[in-house]
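Colleague: Okay, handing you the structure first.
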Amino acid sequence: MKVDYDTLAKYIASLTEGETDAVALMATVACEVHHADDRFDWTGFYRVVAPELLKIGPYQGGHGCLVIPFARGVCGAAARTGEVQLVADVDAFPGHIACASSTRSELVLPVFDGAGSLIGVFDIDSNQPDAFDTSDATALTEILQRVFAQAK
């Protein structure tokens, strides 16, 4: 089952309308995205909690790493650069942090609030190699921009 991003975007928009709490928004997005596609093994947020430091936020799936410095891993790279990280093979990514041994590919998107400040990253792991492409990155970036523009 591959996700229908147009339908997913409309559904998430209806669920989050008027909500400004970032954690509530993260919980809703993580849940809906996770259940939208069989490729998504672990779906969740890492929040910026201190300079150069991410801490786990709302997620769906098995346990995740609790703390990730900006200097390490795919999530750290997304936070550090402010750019989407599309990783076809996590074993080939320098400094990859193996929170789950089943992860084969990863998509991590930076998350900005309405003021343009980085508030976290949205991490999707798959147990399939090369599970994500630029259409996933583009559609999810648009969803995140719409939802978190209202975040405080």
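Colleague: With r as the distance between the Cβ atoms of D38 and A71 and R0 = 25 Å, compute the FRET efficiency 1/(1 + (r/R0)^6) and round to 0.05.
Modeller: After rounding, the FRET efficiency stands at 0.15.
Colleague: While we're looking at this one, here's another question. Mind checking which lysines have their Cα closer than 25 Å to the Cα of K10? Skip sequence neighbours fewer than 8 apart in that chain.
Modeller: By straight Cα distance, K10 reaches K2, K152.
Colleague: I'd like the Karplus ³J(HN,Hα) series for the range 19-27: coefficients 6.51, -1.76, 1.60, θ = phi - 60°, whole numbers in Hz, and an x wherever there's a Gly or Pro.
Modeller: Each residue's phi maps through the Karplus curve to give 7, 10, 6, 4, 5, 4, 5, 4, 4 Hz.
Colleague: Something else: For A27, what charge total do you get from the other residues with a beta carbon under 11 Å from its beta carbon, if Lys and Arg give +1 and Asp and Glu give -1?
Modeller: Here the charged neighbours net out to -3.
Colleague: Right, here's the next one. Obtain the radius of gyration and the Kirkwood radius of the range 1-142 from its C-alpha atoms and give Rg over Rh.
Modeller: 0.93
Colleague: Still on this model: Taking only DSSP H segments of four or more residues, each worth -39500 (n - 2.57), what value at 222 nm results for the chain once the sum is divided by all its residues, to the nearest 500 deg cm²/dmol?
Modeller: Helix-only estimate at 222 nm: -10000 deg cm²/dmol.
Colleague: May I ask you to derive the relative contact order of the chain, considering only C-alpha pairs under 8 Å and at least 6 residues apart, and to give it as an integer percent?
Modeller: 24 percent
Colleague: Between E52 and L118, what is the label-point separation in nm under the 7 Å Cα-to-beta-carbon projection?
Modeller: Roughly 1.2 nm, to one decimal.
Colleague: Non-local amide H neighbours of I119 (under 5 Å, H modeled in plane, Pro and chain starts lacking H): which ones?
Modeller: Excluding prolines and chain starts, which carry no amide H, the hits are V111, F112, D113.
Colleague: Then there is this: Which residues' amide hydrogens lie under 5 Å from the amide hydrogen of L53, considering only partners 5 or more residues apart or on another chain, with H built in the peptide plane?
Modeller: Sorted by chain and number, the residues that satisfy this are F70.
Colleague: Further question on the same structure: Modelled label-to-label distance, D6 and N127, 7 Å Cα→beta-carbon offset: nm?
Modeller: That separation, rounded to one decimal, is 3.2 nm.
Rule-based calculations on the coordinates, nothing more; no lab input. Not measured: the values here are computed from a predicted model. Every residue, glycine as well, gets a Cβ built from its backbone with ideal geometry; the counts of neighbours run over all protein chains shown.
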